[in-house]
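**Q** Once you've had a glance at the structure underneath, I'll fire off some questions.
The values are calculated or read from the model by the stated rules, or taken from the named source; none is laboratory data. On a predicted model such as this, the values are computed, not experimentally measured, just so you know. With ideal geometry, Cβ positions are generated from the backbone for all residues, glycine too; neighbour counts draw on all protein chains shown.
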Amino acid sequence: MIPSHSTRPAAEPDDEDGPLMDCACTALHHLDDAEAREYATEHLQRLSADYETWAVTYACPTTGRRWLLDYPQSEFHGGGPPRLRQLDSEGVPREDSGTDS
């Protein structure tokens, strides 16, 4: 189950060194399968889509953190299960574990 988040809008997006907002994006870094799709559609705002690679970039409306939804097992029917990863400040997917400890 995906953690809940605050619906309070952020005045400015936070960064890695800034104050943490009451949002699941501050603890989550990676989601797979149905959880990835659910979190992207229910919480994040779509920024762009690459229809050639099936990659979609999203942003959190609360924290401003950016996310990438992609399909790493594209050889499977329908692109395989989705993967949602938080992007770092340079737009590179974070490779750490799914949540902060």
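**Q** Here are SER74, SER89: which of them is modelled with pLDDT under 95, surrounded by fewer than 11 Cβ atoms within 10 Å (Cβ to Cβ) and either in a loop (DSSP other than H, G, I, E, B) or not aliphatic (A, V, I, L, M) (or both)?
**A** SER89
**Q** Kindly indicate whether TYR39 is hydroxyl-bearing (Ser, Thr, Tyr), surrounded by 19 or more Cβ atoms within 10 Å (Cβ to Cβ) and in contact with a Phe, Trp or Tyr (Cβ under 6 Å, 6 or more places away or on another chain). Even if it seems obvious, please write down each step before you answer.
**A** Values: hydroxyl-bearing (Ser, Thr, Tyr): yes; surrounded by 19 or more Cβ atoms within 10 Å (Cβ to Cβ): yes; in contact with a Phe, Trp or Tyr (Cβ under 6 Å, 6 or more places away or on another chain): no.
In short, no.
**Q** State the number of residues belonging to region 45-64 that are touching a Lys or Arg at 6+ places or on another chain (Cβ under 9 Å) and at pLDDT 95 or above.
**A** Applying the first criterion (touching a Lys or Arg at 6+ places or on another chain (Cβ under 9 Å)) to region 45-64 yields 47, 56-60, 62.
Now narrow it down to the ones that are at pLDDT 95 or above: 47, 56-60.
Number of matching residues: 6.
**Q** Working only within region 42-68, note down all residues that are surrounded by fewer than 21 Cβ atoms within 10 Å (Cβ to Cβ), over 18 Å from GLY80 (Cβ atoms) and either more than 10 Å from the chain's Cα centre (by Cα) or of a type in the set (Lys, Arg) (or both).
**A** Selection gives GLU42, ARG46, LEU47, SER48, PRO61, GLY64, ARG66.
**Q** Still on this model: Considering (1) of a type in the set (D, E, K, R); (2) modelled with pLDDT of 95 or more; (3) in a loop (DSSP other than H, G, I, E, B), say which one GLU95 fails and leave the rest.
**A** (2)
**Q** For region 22-41, which residues satisfy the criterion of being touching a residue at least 12 places away in the same chain (Cβ under 8 Å) and not aliphatic (A, V, I, L, M)?
**A** ASP22, CYS23, CYS25, THR26, HIS29, HIS30, ASP32, ASP33, GLU35, ARG37, GLU38, TYR39
**Q** Give me a count of the residues in region 25-49 that are under 20 Å from GLU95 (Cβ atoms) and assigned to a strand (DSSP E or B).
**A** Of the residues in that region, 4 qualify.
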